[in-house]
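The values are calculated or read from the model by the stated rules, or taken from the named source; none is laboratory data. Note that the coordinates shown come from a computational prediction; the quantities given were computed from them, not determined experimentally. Glycine gets a Cβ as well: all are built from the backbone with ideal geometry, and neighbour counts include every protein chain shown. These accessible areas exclude ligands, DNA and RNA; they are computed on the full protein's heavy atoms, side chains included. Shrake-Rupley method; radii C 1.70, N 1.55, O 1.52, S 1.80 Å.
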Amino acid sequence: MTTEPPPGSGGPPEDDPFRKHPPREPPREPPQEPPGEPSREPPRGGSPYDTPYDGEPPPPYSGGGGPYGGQGGDAYGGYPADPLAGMPPLADSGKRTLARIIDMVLVYIVVALLVWAFRVDQYTVDADKIEFGKTLGREIITAVLYVAYDTILIARNGQTLGKKWLGMRVANLDDGATPSWQSSLVRALVLWIPFAFCCACVWTAIAGGWSYFDKPYKQGLHDKAAKTVVVTLG
């Protein structure tokens, strides 16, 4: 019975170039006893508690950093309190908005062509009446294309075309790796399903505009759902 995880289990690959890895610490040499002083090592075969007390209290814990060299790690060598340690700076919200507009225009061109090809215009105007019909077909095409575009490109390398042209990428908040297929899909669904079926640009402005006010990670609502951040390409 194999112990390998099933394909598509959601974890980022170990060879992800963006994934944060703890630095390797050089081997520590044992402290040297000054000449002329008796050794403090316990006798062989004895207990380490047999060492005589020399009257000096142990030094207090200084709260050293975690595996990325940041400050504030715990006493057991755990990760630092800030998950962004070791990652590039967070992307500017204005550049994120511009990248999103680029992506929306690119996908909208494809949506418009398919809507025209399948004759699922949202409405047609007649001389005597305005007929609203085939709305659902248009909304389904819109949702599928926007969700597929975001999911596939983000899961591949963390970049849509807009983000790639403006030097940004999406990363997992916890380890800096490229988001998994599951995380990328959740992120896209939260962003584009309301856009396609009810709120259109209003929801996109709310979800994306959240990053202007969110602290400390500048996350949109879709980032919070998928536990991702957008960083610059350092």
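A few comments on the model shown:
- The criterion of being open to solvent by less than 30 Å² (accessible area, probe 1.4 Å) and either within 15 Å of Val107 (Cα to Cα) or modelled with pLDDT under 95 (or both) holds for Thr151.
- In this structure, Leu185 does not satisfy being surrounded by fewer than 20 Cβ atoms within 10 Å (Cβ to Cβ) and in contact (Cβ under 8 Å) with a residue 40 or more places away in the chain.
- Residues satisfying the stated conditions in the range 84-137, i.e. part of a loop (DSSP other than H, G, I, E, B) and modelled with pLDDT of 85 or more: Met87, Pro88, Pro89, Ala91, Asp92
- Only residues that are open to solvent by less than 80 Å² (accessible area, probe 1.4 Å) and in contact with a Ser or Thr (Cβ under 9 Å, 6 or more places away or on another chain) were counted across the range 93-113, and they come to 11.
- Filtered residues of the range 179-206 (kept if modelled with pLDDT under 95 and polar (S, T, N, Q)): Thr204
- Residue within the range 162-180 that is within 20 Å of Ala112 (Cα to Cα), open to solvent by less than 30 Å² (accessible area, probe 1.4 Å) and touching a Lys or Arg at 6+ places or on another chain (Cβ under 8 Å) present: yes
- The range 191-234, residues that are open to solvent by 40 Å² or more (accessible area, probe 1.4 Å), under 27 Å from Gly86 (Cβ atoms) and of a type in the set (A, V, I, L, M): Leu221, Ala225, Leu233
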